[in-house]
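What follows is a single structure, written as structure tokens, with notes after it.
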Amino acid sequence: MDIFIQQVVSGLATGGIYASLALALVMIYQATDVVNFAQGELAMFATYICWSFINAGFKYWVAFLFTLAIAFVGGVVIERVLIRPVESAPILSIVMVTLGLLVICNSVAGWIWTYVQKPFPSPFSANPFKFGNIVFGAHDLGQIEVTLLVLLCIYLFFRFTPLGLAMRAAAHNPVSSRLVGIRVGWMLALGWGLAAVFGAVAGMMVAPVLTLEPNLMGGVQIYAFAAATLGGFTSPGGAVLGGFIVGVVENLVGTYVSFIGTELKFTVALAMIIVVLLVKPTGLFGSSVVKRV
Amino acid sequence: MTALLDVQALEAFYGRTKALHGVSFSMAKGGITTILGANGAGKTTTLRAISRMVRTNGTIRFEGEALDRKATEDVVQLGIAHAPEGRGTFVHLTVEENLRLGAWARRERGGLRDDFDRVFGYFPVLRERRRQAAGTLSGGEQQMLAVARALMLRPRLLLLDEPSLGLAPLVVREIFRILRTINQTGVSILLVEQNAALALDLADHVFLLETGRVVMEGPSDVLRRDDAIRRAYLGY
């Protein structure tokens, strides 16, 4: 039972990372109908920026906040410069642009920072917390806190601020949004900025566990896809919940199903994607979109 | 005196298809003007041209200011509110959120509460439903919401596209009664309507559109007595 609880908590910790990245994917998908395949690589890039700040002598949380700001601006600029020109192109073209962005980020990161793995610091104490016989990693718990805090902030932003409301409106109904005077293009750019921020949080939280390298987010992105598919690509809340579910399931299956262990864990995510698509393609909380042709 | 809205030689295009072939008209401040015409005559397109949602040639001036090079968002900022065909409801958002969005573009930020009170005064049912997702409203309620949302801008000109479409006669009568009240508070209205009898009752000036051109215009009580109009649009 102790091991079970430990594994659940540790699953929630990684699940939080999947949730953040899944939320980033879903936000952009809702606004533009496009899956941003470069989301994970952008997060990796942001993590390297944070690493550079820390290496230059900045305190961890200062570097963390700087990175979030840079990620936000970077996301906005990418939307304005790369996505905007192909905005009205077929969806496949936009997907191609994001795939190109994926490759570029990955190579440029390798070029600047090399492919050598770098240790990335955790801001949380190294001593595990003990409750009786149960041991929780401090980074796991810290990670859960940070993720929940970010999710809470973003919920409050979308739920209670006029800008958040305008962004939701622009995502759901661009035509009517223009008619009430919302600059839809800028709302999309802000969405990209926020998505880049979630990604950066995910990257910085996962890097101490996986160690930093240009392929840091490759696996995480697959899990995030599984999370978004499970929760529903049309439901931000669903994607977040999906992230936590995927994290926990991944951990429990790895622990209790002997032939899967750590090697085949990855397959679990892919299997989840396929099962969801076969059984309930809209995901747990997604709604099917009816389009008039 | 400059007209509130002045449209000259307006042509509009959907891709390569020309939908308006040189529409010219102008409307005075403070009135209710209606554009009548059959399906496909270009009524909706005319409104969409004013709101810059369609590619055009020709000039459109609002209080002397040219609109034809502006973006939709900037036209809204001048105080032109458009309740579009199909009502343009944000179905995922609550009634209250829909109304808040209506006030997004206006310059003066304050007084939101007064505006809520005012539109809830016109349409009490919206107050009851204000926490409800707008997509769950009935057609009539959604039309009321469309008008209410447009009013949140504190517009100087209200563009209304077929507010009677698909609604029960009783509901339509109620909405048109409120439109008259709204007009009396100083909001000019440009109304596009299939229901000619209703539109002629409400409007003081009428333009008749046929296949993308203005073919007749005049005060509504004059046009109402016109034989051709009576036969074609009023059906008696």
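Throughout, read-outs are computed from the coordinates displayed, never taken from laboratory work. Bear in mind that the values here come from a model prediction, so they are computed numbers and not experimental data. So basically every Cβ, Gly included, is an ideal-geometry build from the backbone, and we count neighbours across all protein chains shown.
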**Item:** Packing-based order for B:99-108, B:78-87, using average beta carbon neighbours within 10 Å, highest first
**Value:** B:78-87, B:99-108
**Message:** With unit charges on the beta carbons (Lys and Arg positive, Asp and Glu negative) and the dipole taken about the Cα centre of segment B:43-118, which residue among B:His82, B:Thr45, B:Gly102 sits farthest to the positive side?
**Reply:** B:Thr45
**Cα centroid of segment B:79-102 to Cα centroid of segment B:171-227, whole Å** = 23
**Prompt:** Dipole of segment A:2-279 (Lys/Arg Cβ +1, Asp/Glu Cβ -1, origin at the Cα centre): which of A:Thr98, A:Trp113, A:Thr161 lies farthest to the positive side?
**Reply:** A:Thr161
**Asked** Under a GNM of chain B (C-alpha, springs under 10 Å), which listed residue has the highest mean-square fluctuation: B:Arg130, B:Arg225, B:Arg55?
**Response** B:Arg225
**Fill in**
With the 8 Å Cα cutoff and a minimum separation of six or more residues, chain B has a relative contact order in percent of 27
**In degrees, nearest ten, helix B:169-184 long axis to first principal axis of chain B (Cα)** = 90
**Prompt:** Dipole magnitude of segment B:61-183 about its Cα centre, charges +1 at Lys/Arg Cβ and -1 at Asp/Glu Cβ only, in debye to the nearest 20?
**Reply:** 280
**Request:** Using a 10 Å cut-off on Cβ to Cβ distances, tally the other chain neighbours for every residue of B:145-155 and report the average as a whole number.
**Result:** 1
**Fill in**
Per residue, the convex hull enclosing the alpha carbons of segment B:5-234 has a volume in Å³ of 116
**Item:** Average other protein chain Cβ within 10 Å of Cβ, residues A:179-190
**Value:** 6
**Request:** State whether segment A:1-112 is rounded, prolate or oblate according to the following rule on the C-alpha gyration tensor (a ≥ b ≥ c being the square roots of its eigenvalues): a/c under 1.5 gives rounded; otherwise a/b larger than b/c gives prolate, and the remaining case gives oblate.
**Result:** oblate
**Prompt:** Gain in length, B:Arg16 to B:Arg180, computed as 0.36 nm per residue apart minus the alpha-carbon separation, to one decimal in nm?
**Reply:** 55.2 nm
**Message:** Quick check on segment B:5-234: of the DSSP beta bridges with both residues there, what percent are antiparallel, nearest 5%?
**Reply:** 55
**Point-to-point label distance, A:Asp2-A:Trp61, nm (Cα→Cβ direction, 7 Å offset)** = 3.3
**Asked** For the protein assembly as shown, treating each Cα as an identical point scatterer without solvent, what Debye log10 I(q)/I(0) comes out at q = 0.05, 0.06, 0.13 1/Å?
**Response** -0.27, -0.38, -1.17
**Item:** Ordering of A:152-159, A:6-13, A:271-278 by burial proxy (mean other Cβ atoms within 10 Å per residue, highest first)
**Value:** A:6-13, A:271-278, A:152-159
**Message:** Need one value for A:165-177: mean number of C-beta atoms belonging to other chains within 10 Å of its residues' C-beta atoms.
**Reply:** 5
**Request:** Answer rounded, prolate or oblate for segment B:36-147, using the Cα gyration tensor with square roots of eigenvalues a ≥ b ≥ c: rounded when a/c is under 1.5, else prolate when a/b is larger than b/c, else oblate.
**Result:** oblate
**Item:** Using alpha-carbon coordinates, inclination of helix A:138-160 to the longest axis of chain A, degrees
**Value:** 20
**Request:** Using the Cα centre as the reference, give the magnitude of the dipole from point charges on the C-beta atoms of chain A (Lys, Arg: +1; Asp, Glu: -1; all else neutral), rounded to the nearest 20 debye.
**Result:** 740
**Complete:** Of segment A:168-212, those with amide N under 18 Å from the point 7 Å along the Cα→Cβ vector of A:Thr262 are A:206-212
**Asked** For segment B:28-38, what does the Karplus curve 6.51 cos²θ - 1.76 cosθ + 1.60, with θ = phi - 60°, yield as ³J(HN,Hα) per residue in whole Hz, taken in order and with x for Gly and Pro?
**Response** 7, 5, x, x, 10, 10, 10, 10, 9, x, 6
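Please list the three semi-axes, largest first and in whole Å, of the ellipsoid equivalent to chain A, using sqrt of 5 times the eigenvalues of its alpha carbon gyration tensor.
Working: eigenvalues 182, 107, 67 Å².
Result for chain A: semi-axes of 30, 23, 18 Å.
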